[in-house]
Amino acid sequence: MTTTMPDTQKTARPADKPRRVRRGGGVMSSTGLYIATGVAALLFLVPFYILVRNALSTDPEITGENWQFFPTDLQWGNISELFNDPMVPFAQSLWNSTVVAVLHTVGVLLVCSLAGYGLARIPYKHANKIFYAVLGTLMVPTAVTFVPSFVLVSSLGWVDSYRGLIIPGLFSGFTCFLFRQYFLGFPKELEEAARMDGLGYWGAYWRVVVPNSLNFFAAIATITFINGWNAFLWPLVIGQSPDAWTVQVALSNYMTNQTVVFHTIFMATAISILPLLCVFLFLQRWLVQGIAQTGIKG
């Protein structure tokens, strides 16, 4: 009997041909991305160009029909004119804004981070109720609390003072909420190790949590500083004398019903945004990392 043996030899398959990578589309897409980014950057820089150009021009050159890319004679004297204006103490307003913004930022970081850490880590049976009460403050419009806050500050004698400009805004319900949510995701193992070394809640917060959360603190500090520097309505009401004006209040005094001095307004605006640019450039690296990260690096 003839037995048919199974064919154990496998049919050899031709080797897979290497796929050709089409690089043309990638190069075109990268080029298009660079062009779009460059165009967007130019569009964002146009307001800064107009600001600097008008700050170094005269009023006829600003409002004239013949537009020049830059004036023939740069008016550097506009800077001395701005700071020597007897009606608006611009140098004092810059100092006031710096003091208010810095102390406001430090106070908000300290108060709100401690409140957020306590709500996230310290066991307390009414912690959730307090947290919901904090969230409830976000539902109250600012206009509702504006008049009672002014009456309270006025009764304390804090009008035309740094205390009246800074203290009422030291607590922010939204910032407290952000800190609580961040601390909920913070590794508990680090805090437990700190407690084994004999540290309490304050020691764990100050020596472990804060040093490992600098990126998040920098992000909150940048946003808080910008908000404090750009505040207008509350400083307008509290700072009633020229010596207590902030830079935003001082800028508003260059535009009146009688006169509008364009070159002074543009020069004052250009100088007033320099601190914001410095803060942003200094904290840019930590700001980006604070937004990108929700915890610490493992």
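Oblate is the label for the stretch 95-161. Its Cα gyration tensor axes, ordered a ≥ b ≥ c, give a/c of at least 1.5 and b/c at or above a/b. With K and R counted +1 and D and E -1, the other residues having a Cβ less than 14 Å from that of ARG53 yield a net charge of -3. In units of the compact-protein estimate 2.2 N^0.38 Å, the stretch 134-219 shows a Cα radius of gyration of 1.50. Using Cα centres only, tell me the gap between the stretch 72-130 and the stretch 34-56 in whole Å. About 27 Å separates the Cα centre of the stretch 72-130 from the one of the stretch 34-56. Candidate membrane-span-like segments in the chain, meaning DSSP H helices with Cα atoms spread over at least 18 Å of their own axis and a Kyte-Doolittle mean of -0.5 or above, are 23-55, 90-121, 142-155, 214-230, with no membrane implied. Rounded to the nearest 20, the size of the Cβ-charge dipole of the stretch 176-254 about its Cα centre is 100 debye, with Lys and Arg at +1 and Asp and Glu at -1. Taking the Cα centre of the stretch 116-241 as reference, the dipole from Cβ charges on Lys and Arg (+1) and Asp and Glu (-1) amounts to some 240 debye. Here ASN227 and SER29 are evaluated by their C-beta separation; at R0 = 45 Å the FRET efficiency comes out at 0.75.
In plain terms, the chain from LEU276 to TYR49 could stretch by 80.0 nm, reckoned as 0.36 nm per residue minus the Cα-Cα distance.
Candidate values (i) 54, 44, 34; (ii) 122, 67, 36; (iii) 67, 40, 32 were compared with Cα extents along the principal axes in Å computed on the shown model; the agreeing label is (ii). Counting only Cβ charges, +1 for Lys and Arg and -1 for Asp and Glu, the dipole size of the chain around its Cα centre is about 1900 debye. In this label model, GLN75 and VAL210 are separated by 4.8 nm, measuring between points 7 Å along each Cα→Cβ vector.
Tally Lys/Arg at +1 and Asp/Glu at -1 over every other residue whose Cβ is under 10 Å from the Cβ of PHE262; what's the total? That sum, taken over residues with Cβ under 10 Å, equals -2.
With the highest mean first, a sort of the peptides 244-252, 259-267, 85-93, 132-140 on other beta-carbon atoms found within 10 angstrom per residue produces 244-252, 259-267, 85-93, 132-140. Placing a label point 7 Å from the Cα of ASP160 along the Cα-to-Cβ direction, the residues of the stretch 224-264 whose backbone N falls under 13 Å from that point are 238-245. Accessible surface computed residue by residue for the chain, with neighbouring protein chains in place and a 1.4 Å probe, gives 66 Å² per residue.
Please give me, ordered by residue number, the chymotrypsin sites (Phe, Trp or Tyr not before Pro) of the stretch 30-73 that lie in loop per DSSP and have at most 10 other Cβ atoms within 10 Å. When the chymotrypsin sites (Phe, Trp or Tyr not before Pro) of the stretch 30-73 are filtered for loop state and at most 10 Cβ neighbours within 10 Å, TRP67, PHE69 remain. In the chain, helices alone account for a calculated mean residue ellipticity at 222 nm of -19500 deg cm²/dmol, with every DSSP H run of four or more residues adding -39,500 (n - 2.57). With contacts taken as Cα pairs under 8 Å at a separation of at least 6 residues, the chain carries a relative contact order of 29 percent.
Subtracting the Cα-Cα distance of TYR201 and LEU138 from their residue separation scaled by 0.36 nm leaves 19.9 nm.
The trypsin sites (Lys or Arg not before Pro) of the stretch 113-145 that meet both conditions, a loop assignment by DSSP and at most 16 other Cβ atoms within 10 Å of the site Cβ, are LYS125.
Centre-to-centre, using Cα atoms only, the stretch 208-244 and the stretch 132-152 are separated by 18 Å.
Positive-end ranking of PRO211, SER149, LEU43 along the dipole of the chain, with charges on Cβ about the Cα centre, is headed by PRO211.
The values are calculated or read from the model by the stated rules, or taken from the named source; none is laboratory data. Source: prediction; values computed, not measured. Note that each Cβ is placed from the backbone with ideal geometry, even for glycine, and that neighbours are counted across all protein chains shown. The accessibility values were calculated without ligands, DNA or RNA, using every heavy atom of the protein model including side chains. Shrake-Rupley method; radii C 1.70, N 1.55, O 1.52, S 1.80 Å.
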